[in-house]
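Trainee: Provided herewith is a single structure, encoded as structure tokens, for subsequent inquiry.
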Amino acid sequence: MAKPASQAALPPAPEIEFRDVHTRWGVYGGKPATDGLREEALAGFSLTLPAGKSTVLLGDRKSGKTLVAMHLLLEVPLERGQLLSNGESVWDMPEEKRMMLHSQVGTMIGDTHIRRSHIDPNVTVRENLIAQLGRSTKVDDPEDVIEEWLRDYDLAGIADKVPDKTSSAARRRLAMALALAWDPALVVLDDLGAAIDYAHFKPLNDAAVKWHQRTGATVLITVRSLAMAKLVSHQVAILRDGKVLECGPSEEVLRGVTDDESFERRFHTGLGGFSEYDPERLASRGSDPAKISRIGLMDLGRPLRRAW
């Protein structure tokens, strides 16, 4: 079934710029950093997300990764600084235009439980995907591609279940798929966590790369996996104390960085423990990556002794 000719196409992928952003913990609603020394969650944060490219944020807990995502989603206003879309200040836009921008972002905010996503809990996994695929101006008929999406995100076996009747990891895979399925020009994926476990590490990374090659969206991803950062990013930004310590192509920024100790020696900050699967880091702990369960990853999330 062809799309109506009147359906408006999504805008092209934007360039996003954070310019000298400051946000205190109390405004964000988060708890202060554990060392008690930082009043600001973001303290002079500046970063450009190039149009049509994928940017991965890496950093320790309380480094500000999720807050950056929440700022981009307009869930938390800036205290100081600017958020620009194609050079235009987002918070100075007319409200209608700003809300239009907000509505055109593919979203998954993870944390311990999924906090923001496109999941409709009242319909099945299949119906969720069909609904989002139906929003894409690049898909004539969702039924033509639904099986491919179910297969790529390992959802075929639960396609006829409602999300609450599936596992936490499956819901995260669904949330990731729904954030991408409608081909938005801007995507925010925060804390994919159990979606990227041992069994799904390669297929989901492959699916994300294939999707991005087809769509050319602007993407912001926060993860704790060095391996995933190297696979899916055009640039990596290292956050420390609420600001960008280093930013550039992953092959340059992460050259020679394979585990927690090499990351901490170079950047004087950590990765915040384990969340997504990360084979080299797991091997460096003396663990068999193929045998690590989700619970095992949580156990491995304990901070390392600082290496500097």
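Trainee: Take the Cα atoms of the stretch 170-218, find their three principal axes, and give me the spread along each one in whole Å, biggest first.
Mentor: The principal-axis extents, from largest down, are 28, 17, 14 Å.
Trainee: Where only protein heavy atoms count, and the probe is 1.4 Å, what is the accessible area per residue for the stretch 71-186 in Å²?
Mentor: Counting only protein heavy atoms, the per-residue value for the stretch 71-186 is 47 Å².
Trainee: Which FRET efficiency value, to the nearest 0.05, do you get for residue 43 and residue 252 by plugging their Cβ-Cβ distance into 1/(1 + (r/R0)^6) with R0 = 30 Å?
Mentor: E(calc), rounded to 0.05, equals 0.75.
Trainee: Then there's this: Cα atoms only: what Rg and Dmax, in Å, come out for the stretch 108-194?
Mentor: Both quantities, over Cα of the stretch 108-194: 11.9, 36 Å.
Trainee: Which entries of 97/202; 65/202; 97/230; 165/210; 53/161 have Cα-Cα distances beyond 31 Å here?
Mentor: Flagged as over cut-off: 97/202; 97/230; 53/161.
Trainee: With a 1.4 Å probe and all protein chains left in place, how much of the accessible area of the stretch 135-180 comes from carbon and sulfur atoms, in whole percent?
Mentor: On the way: 880 of 2120 Å².
In the stretch 135-180, the share of accessible area belonging to carbon and sulfur is 42 percent.
Trainee: Please work out how much length the chain gains when fully extended from residue 261 to residue 19, using 0.36 nm per residue of separation minus the C-alpha to C-alpha distance, in nm with one decimal.
Mentor: 84.0 nm
Trainee: Which cross-chain or sequence-distant (5 or more) residues have an amide H under 5 Å from the amide H of residue 192, H modelled 1.01 Å from N in plane?
Mentor: none
Trainee: Check which residues have an amide H placed less than 5 Å from residue 76's amide H, if you skip close sequence neighbours.
Mentor: 71
Trainee: Further question: Past the 21 angstrom mark, what percentage of all C-alpha to C-alpha distances in the stretch 9-168 do you count?
Mentor: Summing the P(r) tail past 21 Å for the stretch 9-168 gives 57 percent.
Trainee: Using just the alpha carbons, could you tell me how many Å³ per residue the convex hull of the stretch 134-238 encloses?
Mentor: 103 Å³
Trainee: Hey, what do the phi angles of the stretch 127-137 turn into as Karplus ³J(HN,Hα) couplings, whole Hz, using 6.51/-1.76/1.60 and θ = phi - 60°, x for Gly and Pro?
Mentor: 5, 4, 5, 4, 4, 6, 4, x, 7, 6, 7
The values are calculated or read from the model by the stated rules, or taken from the named source; none is laboratory data. What you are looking at is a predicted structure, and each value in this text was computed from that prediction instead of being measured. In this analysis, Cβ positions are derived from the backbone assuming ideal geometry, glycine residues included, and neighbour counts consider all displayed protein chains. For accessibility, only protein heavy atoms count, side chains too; no ligands or nucleic acids. Shrake-Rupley method; radii C 1.70, N 1.55, O 1.52, S 1.80 Å.
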